[in-house]
Amino acid sequence: MHSSKRFMIGLPRAGLVLGLSFGLSGCVAAKHYDEARSVAESEMAAHQKTRERLVMALEHAKGLEAELALRTQKLEKMERELGEKSRHLDAEELAAAESKLEATVLLTEKRAAGELVDQLRTELARTGQHLGMFARDKQSLEQALSFAEKRLASIETSTRHLDEVVAMSRDLSVGLGDELVTGGSTLTARDGVLVLSIPEARLFPEDGNALRPEAGSIAHPVALSSIAHPSFAVVVRPPDASPMAAARATALGAALRARGLPDSRITLPSPSPEPTAPAPVADAAAPSRGDEALPAQTSDGSAPTDATAGADSAPAEAEAIPAAKVPAAPVGTPEHFEILFVPS
């Protein structure tokens, strides 16, 4: 660029020299003019060469600049690729380190899991032994619980009927009055069941099956107390299993029905299954004790007038009282009729 400026400045100088040469042509010789012109042409040729060299230099500089820019781009591209490769290598190293760490962790966890499995097997064996012991203890506890539940149910049943038994006992004691004091009758409780024991002589004559007139003072309060307490069933139990005892029990049941006690709540003994004709009282065999209740009831709604009518009417089967609720007759009470009040 400095050469081109020199060339641009040299042109006016050459013109000036030519002008001066022409102005002084008259004064200067032609020889001097030719020399000056030759010098000017030489200088112009030199400036032309300089200009051409300058243009070539500029073009070469542009080429160098373009090549430099291209190399710069390539260098930047290579730097970017190098950076990406470096990041990729770093990522691979990190992944390798993570994989190694995971492998180490997995190995440690596997070892710990093996130890845990061994420990669990030991605990499982111990637990099996404990379960066996617990099963045996559970069986024992279940048996004890079943026994306790049955006992509790029995106690609850007894407790539930206790108030009714007390009220029934009170009403019977008030109704019977002197009969319990001087008549020889007793009122006791056996296994939650009220038992009124009446001497047979207080109810029947020695040689007949009809009730004595004074037996009404016993049948009447018994019927009234039973009607007032409908949760009790009445079971008439004779002193033995003879036909005469069965006939007398039927007559006693008829007396209770006649005083308003429903037939469905009275349980009478069944008649003797022997088909023999009734023998006279004097020739009858000695009575034998019958300790078991006979669950039968009469179906005749009318009260028989005498023992024969009561014996001839066959009592029908009715709702039976569970034998477990009827206590056995005590030893040492012969010749006694028992009237049992069983909670239903």
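The values are calculated or read from the model by the stated rules, or taken from the named source; none is laboratory data. Since this is a predicted model, take the numbers as computed values, not measurements. Every residue, glycine among them, receives a Cβ derived from its backbone with ideal geometry; neighbour counts consider all protein chains shown.
Annotations
- Test result for residue 48, at pLDDT 90 or above and in contact with a helix residue (DSSP H, G or I) (Cβ under 9 Å, 6 or more places away or on another chain): yes
- Members of region 181-200 found to be over 17 Å from residue 237 (Cβ atoms) and modelled with pLDDT of 85 or more, listed by number: none
- Verdict on residue 269 being modelled with pLDDT of 50 or more, over 20 Å from residue 201 (Cβ atoms) and not β-branched (Val, Ile, Thr): no
- Odd one out for residue 223, checked against (1) touching a Leu at 6+ places or on another chain (Cβ under 8 Å); (2) surrounded by fewer than 18 Cβ atoms within 10 Å (Cβ to Cβ); (3) closer than 24 Å to residue 250 by Cβ: (2)
- Boolean, residue 156 is assigned to a helix (DSSP H, G or I), of a type outside the set (Ser, Thr, Tyr), at pLDDT below 85 and surrounded by 10 or more Cβ atoms within 10 Å (Cβ to Cβ): yes
- Those residues of region 108-123 which are under 31 Å from the mean Cα position of the chain (by Cα) and either exposed (fewer than 10 other Cβ atoms within 10 Å of the Cβ) or hydroxyl-bearing (Ser, Thr, Tyr) (or both), in sequence order: 122
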